[in-house]
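A short worksheet on the structure shown next.
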Amino acid sequence: MNTFRNPIADFDTPDPFITYDKETGYYYSLFTRHEYLEIFRCKHVADIIRKGESKIIYRPNGLEQGIWGDIWAPEMHRGSDGGWYIYTSGRIKEDKGPKRLIVLRALSPDPFGDWEFVCKPTPDIFSIDPTSYIAKDGKQYMCNSRVDDELGQVLDIYEMKSPTELNRERWANIAIAEKEWELIPPYVGDWACVEGGFFVEKNDRLFIIYSANGCWSDHYLLGVLEHTGGDLCDGANWKKHDSPLLVYGNGVYGPGHASFFYSPDGTELWCAYHGLKRHNEKAEPDTRYMNIQKVDFDETGYPVMGVAIGYDVDIPCPSGEE
């Protein structure tokens, strides 16, 4: 297969995460499955959902772990100890209610093996959409979206003591919804929202790509924060860029909640995001499909994407695929 077309899934695949692991030669994917965690793997990224292998690796057990369901936006990252971890969130009540971050740990070097529930790193804070980054000095950080009673959903960053424990004294709020293009109605509850952050590093520049507006809205999109130097856990050291990175167009509505992964040969950065196939004026729940798109960079190392690629376009596969 030399080309493919979006979407790369035929069913609801919101909040997509994809990574490529050189040690196993597989791409791995997770996405929101609500009542369980399922991991997919394949050697061709465009086939990962339709033809890849999959297995359920976690079902919440409210009585033992205090997590009942609504497992959203899982991401799988290497921890500072070299092991694999999944960062996600889940509902802490049997019925509808607040959510907490949760961490799972792989029991072997193979991500397609067994996993175990470890902890709720912020047992007292309503948060979702955790993501992870290991700095050049080996320190690990987490960014997540916190529910604030006055501001809506905001982005925070934490330094981590270990892959499963946050340093609750080393954190900062780094973004709120404030730009005109981050506050486009309608949205359920008229709730201002920035969420779904993901770290991207290029040419010694560090970015957090995040989503804004309602996740079922035409105007769900990607924005860019950039670290300007100094302490990552200082909100003054993060700059929000004036224009969004990716917006709807070409028949793809609401492109957002992205993850980023490198091609097998390491020469290309790709973005996985979900999008709608139709206009959604009222921003009501609708099917969100997994799409992937290559990221370009300008001469300074700043990411460039623009408008979502249409569903009728043949896209070359990532460089270095077998």
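The values are calculated or read from the model by the stated rules, or taken from the named source; none is laboratory data. Worth saying up front: this structure is predicted, and the values here are computed from it rather than measured. Using ideal geometry, Cβ is built from the backbone for each residue, glycine included, and neighbour counts are taken over all protein chains shown. SASA here: full protein model, heavy atoms, side chains in, ligands and nucleic acids out. Shrake-Rupley method; radii C 1.70, N 1.55, O 1.52, S 1.80 Å.
Here is a check on your reading of the model: is Ile208 assigned to a loop (DSSP other than H, G, I, E, B) and within 20 Å of Ala73 (Cα to Cα)?
Working: assigned to a loop (DSSP other than H, G, I, E, B): no; within 20 Å of Ala73 (Cα to Cα): yes.
When the stated conditions are applied, Ile208 does not pass them.
The residues of the stretch 30-59 that are within 24 Å of Pro98 (Cα to Cα) and either open to solvent by less than 30 Å² (accessible area, probe 1.4 Å) or aromatic (Phe, Trp, Tyr) (or both), listed by number, are Leu30, Phe31, Thr32, Tyr36, Leu37, Glu38, Ile57, Tyr58. Could you list, in sequence order, all residues of the stretch 172-212 that are at pLDDT 95 or above and either small (Gly, Ala, Ser) or touching a His at 6+ places or on another chain (Cβ under 6 Å) (or both)? Scanning the stretch 172-212 gives Ala172, Ala175, Ala177, Gly196, Gly197, Leu206, Ser211, Ala212.
Give the number of residues within the stretch 258-269 that are under 19 Å from Pro14 (Cα atoms) and open to solvent by less than 10 Å² (accessible area, probe 1.4 Å). Before you say what the answer is, go through the steps one by one.
Applying the first criterion (under 19 Å from Pro14 (Cα atoms)) to the stretch 258-269 yields 258-261.
Still in the list and also open to solvent by less than 10 Å² (accessible area, probe 1.4 Å): 258-259, 261.
Total meeting the criteria: 3.
Would you be able to say whether some residue in the stretch 88-105 is closer than 25 Å to Met160 by Cα, open to solvent by 10 Å² or more (accessible area, probe 1.4 Å) and of a type outside the set (D, E, K, R)?
Pass one, the stretch 88-105, residues closer than 25 Å to Met160 by Cα: 88-92, 98-105.
This time we only want the ones that are open to solvent by 10 Å² or more (accessible area, probe 1.4 Å), so: 91-92, 98, 100, 105.
Next cut, of a type outside the set (D, E, K, R) only: 92, 98.
Scanning the stretch 88-105 turns up at least one residue that is closer than 25 Å to Met160 by Cα, open to solvent by 10 Å² or more (accessible area, probe 1.4 Å) and of a type outside the set (D, E, K, R).
Restricting to the stretch 12-36, name every residue that is among the β-branched types (Val, Ile, Thr) and either under 19 Å from Pro130 (Cα atoms) or in a strand (DSSP E or B) (or both). Step through it out loud before you land on a result.
The first filter runs over the stretch 12-36 and keeps only residues among the β-branched types (Val, Ile, Thr), leaving 13, 18-19, 24, 32.
Once the filter is applied, which keeps residues that are among the β-branched types (Val, Ile, Thr) and either under 19 Å from Pro130 (Cα atoms) or in a strand (DSSP E or B) (or both), the stretch 12-36 yields Thr13, Ile18, Thr19, Thr32.
Consider Gly82 carefully, then state whether it is under 30 Å from Asp137 (Cβ atoms) and without any contact (Cβ under 8 Å) to a residue 12 or more places away in the chain.
Numbers: under 30 Å from Asp137 (Cβ atoms): yes; without any contact (Cβ under 8 Å) to a residue 12 or more places away in the chain: yes.
So Gly82 passes the test.
Among what's in the stretch 226-240 and is touching a Phe, Trp or Tyr at 6+ places or on another chain (Cβ under 8 Å) and part of a loop (DSSP other than H, G, I, E, B), pick the residue that is nearest to Pro303 (Cα to Cα). It comes out as Thr228.
Looking at the stretch 74-87, which of its residues are open to solvent by 20 Å² or more (accessible area, probe 1.4 Å) and either small (Gly, Ala, Ser) or under 19 Å from Val147 (Cα atoms) (or both)? Result: Ser80, Gly82, Gly83.
Listed by first and then second residue, the pairs linking a residue in the stretch 135-161 that is free of Cβ contacts under 8 Å to residues at least 24 places away in the same chain to a residue that is open to solvent by 20 Å² or more (accessible area, probe 1.4 Å) and not hydrophobic (A, V, I, L, M, F, W, C), with Cβ atoms under 6 Å apart and 6 or more places separating them unless they lie on different chains, are Lys161/Asn167.
State which residue is most open to solvent (accessible area, probe 1.4 Å) when the search covers only the stretch 270-287 and only residues that are at pLDDT below 95 and either closer than 30 Å to Tyr28 by Cβ or not charged (D, E, K, R) (or both). Top of the filtered list is Pro285.
If you take the residues of the stretch 180-210 that are within 30 Å of Thr267 (Cβ to Cβ) and over 20 Å from the mean Cα position of the chain (by Cα), which of them is most open to solvent (accessible area, probe 1.4 Å)? Once the filter is applied, the top-ranked residue is Asp204.
Among the residues of the stretch 305-318, those that are more than 17 Å from Gly256 (Cβ to Cβ) and of a type in the set (Val, Ile, Thr) comprise Val313, Ile315.
Consider the stretch 152-171 and keep the residues that are open to solvent by less than 70 Å² (accessible area, probe 1.4 Å), more than 30 Å from Asp298 (Cβ to Cβ) and part of a strand (DSSP E or B). The one that is modelled with the lowest pLDDT is Gly152. Within the stretch 285-313, being in a strand (DSSP E or B), touching a Pro at 6+ places or on another chain (Cβ under 9 Å) and not hydrophobic (A, V, I, L, M, F, W, C) holds for Tyr289, Asn291, Gln293, Lys294, Asp296.
Within the stretch 249-284, the set of residues being part of a loop (DSSP other than H, G, I, E, B) and among the aromatic types (Phe, Trp, Tyr) is empty. Condition check: within 24 Å of Pro163 (Cα to Cα) and open to solvent by less than 10 Å² (accessible area, probe 1.4 Å). Does Ile71 satisfy that? Yes, satisfied.
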